[in-house]
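The values are calculated or read from the model by the stated rules, or taken from the named source; none is laboratory data. Just so it is clear, the model here is predicted, and its values are computed rather than measured. Heads up, the Cβs are rebuilt from the backbone with ideal geometry, glycines too, and the neighbour counts pull from every protein chain shown. Side chains included, ligands, DNA and RNA excluded: accessible areas come from the protein's heavy atoms. Shrake-Rupley method; radii C 1.70, N 1.55, O 1.52, S 1.80 Å.
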Amino acid sequence: MTEHGAGSDGPDARAGDEPPEDEPDWRREFAEEARAERPDLARLCLLVGAVADPTVTRHVIDEAEIELDRLAGLIPYATRSTGAWAAELAALLGHREGFEGVPADYQRLESSLLHEVLRRRRGLPILLSVVWMEVARRAGAPVYGLGLPGHFVVGFGDPADLNLADPFSGGRPLTGADAELLVASATGESFDRSMLRPAEPGAIVLRVLNNIRAWAAPRPERSDVGLWAVELALLLPSHPARLRYERAELLVQRGEFLAGAAEMEAYARVMDAVDPESATTIRRRAQAARARLN
C-alpha cells in the first residue's frame, strides 16, 4: 500500500515562480534547510506545507513549532530514567491528544502537511510518525523513524531491540513479528532486516513528497500538486534522477510544451551514457511535445 494523502478539497499550490518581495521564499528556505549539516525534520515538513498551502504564514509555522514544544513538555521528566518512551507517548499523543489515522486520511492533502496534522490530529502514518519523533526528540528520547515498505513507524533506543510503535494506530506497540506482518500485508514482500535501518530526515521528506506525487498522478486536474512536489524533491541533496523526466512530463501536461521538451532533452543527455535506447525514446517525446505548439 502506497502512503498518499491528498484530496480534491485540499489547498492549492502557491501561484507563480517568484514570490513578491514581501512574501517568504519558502522554496529557497526548503533548499537551504535540506542542505544544512543537520536538517531539521519538522521545519522541512512545515516548509512543504507552506509551499502547498497559500494561507500559511510565518506565524502558522511558528505556532506549529510551539505546539510541538508544548507537547514535548507534557512528557514526564522521569521518562528519561524509566525509558518508557513508547508507552508515555502513546498515552499522551495517542490517547490524551487523539493523534491517530483512519483510512479516509489517505484521500486528503492535509494528511501530508504537518501543520494540518497538528491541527486535525489526523494524518498518514509517516506524518503522524514525524509528530511522534519531533515530540520525543524535544523531550530527550532516543527516537528514530522506520520506513517499512508501505507503512512508517517509530522506534526507540537501539534499533536491534525492535522497540517499535505505530502512531497511525494511536501508538500500538509492535513486535518484530508485527513488523513482518505489516510488510507482508502492505506489499507482499518478505521481511528483511535491512528494512530496520533508521531513516534520515532527507529520506523521510522524500517519502512524504512521493506520497503526494502518488496521489496527484491519477488526477490530471491537480497536476499543480504533482509539479511542486517533484520540484521540492529535486531540491533535496539525494533524489532519483528520473524526477527530472517526471517534471518534464508534468510541464507538458500543463501545456508548457517548450519548457517540458527542453527538460526531456536535458534528461536524454543524462541517459545517453546509461541507456541510449531510452534516451532516443525520450528525444522523440520531446519532439512530440514541441509539435503540439503547431
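From the residues in the stretch 33-74 that are β-branched (V, I, T), out of contact with any His (no Cβ under 9 Å at 6 or more places or on another chain) and open to solvent by less than 60 Å² (accessible area, probe 1.4 Å), which one is farthest from R207 (Cα to Cα)?
Going through the qualifying residues, I end up with V51.
Do you know which of the residues in the stretch 91-116 that are of a type in the set (A, V, I, L, M) and open to solvent by less than 10 Å² (accessible area, probe 1.4 Å) is farthest from T79 (Cα to Cα)? Steps first, answer last, please.
Pass one, the stretch 91-116, residues of a type in the set (A, V, I, L, M): 91-93, 102, 104, 109, 113-114.
From what is left, the residues that are open to solvent by less than 10 Å² (accessible area, probe 1.4 Å) are 92-93, 109, 113-114.
Details: L92: 13, L93: 15, L109: 34, L113: 29, L114: 26 Å.
If we take residues in the stretch 91-116 being of a type in the set (A, V, I, L, M) and open to solvent by less than 10 Å² (accessible area, probe 1.4 Å), then L109 is farthest from T79 (Cα to Cα).
Search the stretch 117-132 for residues being over 14 Å from E65 (Cβ atoms) and crowded, with 24+ Cβ neighbours inside 10 Å, and hand back the single one that is farthest from the chain's Cα centre (by Cα). Write out each step before concluding.
Step one: of the stretch 117-132, the residues over 14 Å from E65 (Cβ atoms) are 120-129, 132.
This time we only want the ones that are crowded, with 24+ Cβ neighbours inside 10 Å, so: 123-129, 132.
Values: G123: 11, L124: 10, P125: 10, I126: 7, L127: 7, L128: 11, S129: 11, W132: 15 Å.
The qualifying residue farthest from the chain's Cα centre (by Cα) is W132.
Given the options W215, W228, name the one that is touching a Phe, Trp or Tyr at 6+ places or on another chain (Cβ under 9 Å), open to solvent by less than 10 Å² (accessible area, probe 1.4 Å) and under 23 Å from I204 (Cα atoms). Steps first, answer last, please.
Working: W228 fails: touching a Phe, Trp or Tyr at 6+ places or on another chain (Cβ under 9 Å).
Of the residues listed, the single one that is touching a Phe, Trp or Tyr at 6+ places or on another chain (Cβ under 9 Å), open to solvent by less than 10 Å² (accessible area, probe 1.4 Å) and under 23 Å from I204 (Cα atoms) is W215.
So in the stretch 76-86, with the set limited to residues that are free of Cβ contacts under 8 Å to residues at least 24 places away in the same chain and assigned to a helix (DSSP H, G or I), which one is surrounded by the most Cβ atoms within 10 Å (Cβ to Cβ)? Spell out how you get there, then give the answer.
Filtering the stretch 76-86 down to residues free of Cβ contacts under 8 Å to residues at least 24 places away in the same chain leaves 76-78, 81-82, 84.
Right, trim to assigned to a helix (DSSP H, G or I) and you get 81-82.
On the way: S81: 8, T82: 10.
Among residues in the stretch 76-86 that are free of Cβ contacts under 8 Å to residues at least 24 places away in the same chain and assigned to a helix (DSSP H, G or I), the one surrounded by the most Cβ atoms within 10 Å (Cβ to Cβ) is T82.
Filter the stretch 263-274 down to the residues that are open to solvent by 50 Å² or more (accessible area, probe 1.4 Å) and either out of contact with any helix residue (DSSP H, G or I) (no Cβ under 7 Å at 6 or more places or on another chain) or more than 15 Å from A289 (Cβ to Cβ) (or both) and list them by number.
R269, V270, D272, A273, V274
V205 fails exactly one of the following numbered conditions: (1) farther than 13 Å from L148 by Cα; (2) outside any strand (DSSP E or B); (3) open to solvent by 50 Å² or more (accessible area, probe 1.4 Å). What is the number of that condition?
Of the numbered conditions (1) farther than 13 Å from L148 by Cα; (2) outside any strand (DSSP E or B); (3) open to solvent by 50 Å² or more (accessible area, probe 1.4 Å), the odd one out for V205 is (3).
Give the residues of the stretch 154-175 that are open to solvent by less than 30 Å² (accessible area, probe 1.4 Å) and acidic (D, E), sorted by residue number.
D166
For the stretch 27-59, which residues satisfy the criterion of being within 18 Å of the chain's Cα centre (by Cα) and among the charged types (D, E, K, R)?
Residues satisfying the conditions are R27, R28, E29, E32, E33, R35, R38, D40, R43, D53.
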